[in-house]
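Following: one structure in structure tokens, then a few remarks.
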Amino acid sequence: MSTVKTSKNAAYTGLFAAVAASSCCIPPVIALIAGVGGGASALSWVEPFRPYLISIAVIALGYAWYDYLKPKNAEDCCEVDAKPKWFQTKGFLISITLFAAISISFPYYSHIFYPNNKKEVVIVNQSNIHTVNFDVKGMTCASCEEHVNHEVNKLDGIVTSKVSYENGNAIIEFDQTKTNETEIEKAINSTGYKVTNKKEN
């Protein structure tokens, strides 16, 4: 296999690994844009492999850059002299590297795709305010948190919504005269993540 083909394959491998590393976080945003929620957690099983996929992406792209920048042998002169194809150019490598970096960092900026739908809640009677801790299964990143927050805040009467993928829970404060635990649980389950337990705080 020629060094050109090896470099090209390494670049594509790095790109694929980078996209795969964030594939667990992309479906929630796609589900929001498409207006469907059930498939949001479809690729959550990928999350444990994220560090390995990122490592593969970095190594593969590092090799592609090394192969591009290393001094060429005399036998490669004909490849150098000929007009390079797009995948043999620095522009190709820069494009692939930038796209890979954007893909890997997706979980950290995915919140910008979620519109702010929090409403101002007027509390008439403090005794009507309840706080319930929902254990939620399937969340793997900040994108999952944003998706659950977004769906819960569509309901009337939500005072605060604090969702944590690290703790696997959603702590919801709400006015029970305007909504209830069942409606909140339905909203969470509609995202594709599942409420496994709930208890009042």
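Can you give me the ranges of the helices (runs of 4 or more DSSP H) entirely in region 65-111 with at least 2 residues that are modelled with pLDDT of 70 or more? Spell out how you get there, then give the answer.
Details: elements: 77-81, 90-104, 106-109.
In region 65-111, the matching helices (runs of 4 or more DSSP H) lie at 90-104, 106-109.
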* Asked: How many of the residues making up region 140-160 are modelled with pLDDT of 85 or more and not acidic (Asp, Glu)?
  -> 11
* Structure fact -> Residue hits (region 159-197; farther than 25 Å from residue 25 by Cα, touching a residue at least 40 places away in the same chain (Cβ under 8 Å) and part of a strand (DSSP E or B)) are 173, 174, 175
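The values are calculated or read from the model by the stated rules, or taken from the named source; none is laboratory data. Quick caveat, the model's predicted, so the values are computed rather than measured. Here the Cβ is made from the backbone with ideal geometry for all residues, glycine too, and neighbour counts use every protein chain on show.
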